[in-house]
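J.: Okay, handing you the structure first.
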Amino acid sequence: MIVILKPNPNPDQLESLKNWLLGKGIQIHTSLGTSHMILGLVGDTSTLDIDLISALDIVEDVKRVQEPYKNANRKFHPEDTVIRVGDTQIGGGTLTIMAGPCSVESEEQIVAVAKAVKASGATMLRGGAFKPRTSPYSFQGMGAEGLRLLKLAREETGLPIVSEIMDTSQISLFDDVDVIQVGARNMQNFNLLKLLGAQEKPVMIKRGLSSTYEEWLMSAEYVMANGNEQVVLCERGIRTFETYTRNTLDLSAVPVLRHLTHLPVIIDPSHATGKYALVAPLAMGAVATGCDGLLIEVHNDPAHALSDGPQSLNPEAFDRLNKRLLALHAFLSEGEGAK
Ligand code: PEP
Ligand code: MN
């Protein structure tokens with residue numbers, strides 16, 4: 001971090017700033033220009049509040065030269081994070097396929113979809129019990145009963161389950177859920193993120209509708225700084241000027257995040273496009289970028305789904321797609337081995 005001081009800084013205030021920084025274990029390299037003094041701060045500056053320093057009377061400007069996230073930063077953790085979930089894993093060269101309906105609707109529905117996606121090679125069952133809907137008049141999910149049915153489907157198929165938490169008050173209901181999803185709208189629910197930092201289970205954070213990579217990684221940092229290193233990132237499309245698709249899938253997220261972080265990256269082409277016909281091509285594209293997995297909505301009767309029917313694949317379409325995804329992933333992995 002670089003702190004540019006105003007001309008002729010008050011010596012007492014300068015002394016007190018330096019002592020405060022030294023007390024935080026930061027080394028200070030001072031350079032004196034013709035009009036400005038510049039402090040070069042060396043050490044772990046990720047915990048320094050840039051706004052606090054900028055607001056000081058003697059400070060003209062502050063610039064970060066390092067990312068504000070440390071736990072999620074690849075610079076401090078060069079190896080890819082691999083997260084174990086039941087008998088499977090996320091990251092480490094595997095292609096995780098999270099599939100299932102947007103909402104759990106009934107025992108028959110979730111068990112039928114779970115069996116179908118398992119038979120097609122999905123590695124996790126994803127279904128929503130608590131649904132963040134734009135309209136209060138839309139189906140809000142089955143709540144605790146939905147989680148009970150998901151667990152039943154897990155017993156029937158052996159697939160680990162992934163479901164979204166919407167609020168801190170729901171945490172005890174998620175005791176037996178294998179991966180807790182934080183939805184796009186909750187990406188910056190900092191109380192929720194802190195609470196999830198105290199859990200000993202994987203947390204998948206979806207990218208906020210208009211969030212930058214840095215904001216997204218800072219959300220991961222919230223969970224990690226509170227003690228939970230098992231964080232997965234899920235790109236689900238961002239808000240742009242385009243309205244034809246529900247969102248715009250940012251596939252740059254895969255190589256960009258590979259560079260910035262060691263955390264696994266999942267792509268969700270279903271919420272990104274909102275249209276079932278666009279799911280397969282973007283899922284294939286996502287695998288080609290080297291993502292660690294996909295989240296794909298599958299419903300046994302999309303036309304009558306209580307939420308997100310237009311973007312849901314039926315089990316037959318999912319089966320066809322998953323075969324192609326696994327073949328592409330296997331082909332690309334062979335190439336990796338030959339390098
Ligand atoms: C979901 O995954 O069902 C969901 C609501 O997605 P998002 O938070 O990405 O909108
Ligand atoms: Mn959905």
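The values are calculated or read from the model by the stated rules, or taken from the named source; none is laboratory data. Note that this is a predicted model, so its numbers are computed, not measured. All Cβ positions, glycine included, derive from the backbone under ideal geometry; neighbour counts span all protein chains shown. Heavy atoms of the whole protein, side chains included, go into the accessibility calculation; ligands, DNA and RNA do not. Shrake-Rupley method; radii C 1.70, N 1.55, O 1.52, S 1.80 Å.
J.: Where does helix 315-338 land angle-wise versus the long Cα axis of the chain, in degrees 0 to 90, nearest 10?
T.: 50 degrees
J.: Select from region 66-159 those chymotrypsin sites (Phe, Trp or Tyr not before Pro) which occupy a DSSP coil region and have at most 12 other Cβ atoms within 10 Å, ordered by residue number.
T.: Tyr137
J.: To continue, here is another question. With a Förster radius of 41 Å, plug the Cβ-Cβ distance of Ser135 and Lys194 into 1/(1 + (r/R0)^6) and report the FRET value to the nearest 0.05.
T.: Working: r = 29 Å, r/R0 = 0.71.
Once rounded, the FRET efficiency stands at 0.90.
J.: Specify the inter-centroid distance of region 39-56 and region 300-339, based on alpha-carbon positions, in whole Å.
T.: Rounded to whole Å, the Cα centres lie 46 Å apart.
J.: For region 124-254, report the translational diffusion coefficient in µm²/s to the nearest whole number, using Stokes-Einstein at 20 °C, 1.002 mPa s, and a Kirkwood Rh over Cα pairs. Before the final figure, lay out the partial values.
T.: Details: Rh = 15.4 Å.
Approximately 139 µm²/s, per Stokes-Einstein.
J.: I've got another one for you. Take the alpha carbon gyration tensor of region 168-223, find the square roots of its eigenvalues, order them as a ≥ b ≥ c, and report rounded if a/c is under 1.5; if not, report prolate when a/b exceeds b/c, else oblate. Intermediate values should be presented prior to the final figure.
T.: Details: a/c = 1.99, a/b = 1.87, b/c = 1.06.
Prolate shape, in that a/c is at least 1.5 and a/b is the bigger ratio.
J.: Separate question: Measure nothing but the geometry: give the 0 to 90° angle between the long axis through the Cα atoms of 11-23 and the longest principal axis through the Cα atoms of the chain, rounded to 10°.
T.: 40 degrees
J.: Same structure, new question: Can you give me the solvent accessible area of His29 with a 1.4 Å probe, rounded to the nearest 10 Å²?
T.: Approximately 110 Å² of His29 is accessible to the 1.4 Å probe.
J.: How much of Lys151 can a 1.4 Å solvent probe reach, expressed as accessible area in Å² and rounded to 10?
T.: 50 Å²
J.: On to the next question. If I model a spin label at Thr243 and Thr212 as a point 7 Å from the Cα along the Cα→Cβ vector, what separation in nanometres do I get?
T.: In this crude spin-label approximation the distance works out to 2.8 nm.
J.: OK, next. Count the net charge of all other residues whose Cβ sits under 10 Å from the Cβ of Ile58, scoring Lys and Arg as +1 and Asp and Glu as -1.
T.: Working: positive: Lys6; negative: Asp12, Asp57, Glu60.
Net charge in that neighbourhood comes out at -2.
J.: Ignoring everything but the protein chains, give the 1.4 Å probe accessible area of Met1 in square angstrom, nearest 10.
T.: Only protein atoms counted, so the area is about 10 Å².
J.: With charges set only on the Cβ (+1 for Lys and Arg, -1 for Asp and Glu), what does the dipole of the chain come to about its Cα centre, in debye to the nearest 20?
T.: Working: 31 positive and 40 negative charges, 95 e Å.
Dipole magnitude for the chain comes out near 460 debye.
J.: Then there's this: What angle do you read, to the nearest 10 degrees and between 0 and 90, between the alpha-carbon axis of helix 107-119 and the longest principal axis of the chain?
T.: The helix 107-119 is inclined about 80 degrees to the chain.
J.: Of the heavy-atom accessible surface of the chain (probe 1.4 angstrom), what whole percent is carbon and sulfur?
T.: Values: 8200 of 15380 Å².
It is 53 percent, rounded to a whole number.
J.: So, in nm, how far is label Met284 from label Ser54 when the simple model puts each one 7 Å beyond its Cα toward the Cβ?
T.: Between Met284 and Ser54, the simple spin-label model gives 4.6 nm.
J.: Normalise the Cα radius of gyration of region 2-63 by 2.2 N^0.38 Å (N = residues in it) and let me know the number. Don't skip to the answer; put the middle values down first.
T.: Numbers: Rg = 10.7 Å, N = 62, 2.2 N^0.38 = 10.6 Å.
Taking the Cα Rg and dividing by 2.2 N^0.38 Å, one obtains 1.01.
J.: Between Asp87 and Gln27, what length in nm is gained on full extension when 0.36 nm per residue of separation is reduced by their alpha carbon distance? Display every interim value, and only then the final one.
T.: Details: separation 60, 0.36 × 60 = 21.60 nm, distance 4.60 nm.
My answer for the length gained is 17.0 nm.
J.: No solvent, one uniform scatterer per C-alpha: report log10 I(q)/I(0) for the chain via the Debye equation at q = 0.06, 0.07, 0.12 1/Å, two decimals.
T.: Debye curve over Cα of the chain, log10 I(q)/I(0) at q = 0.06, 0.07, 0.12 Å⁻¹: -0.26, -0.34, -0.83.
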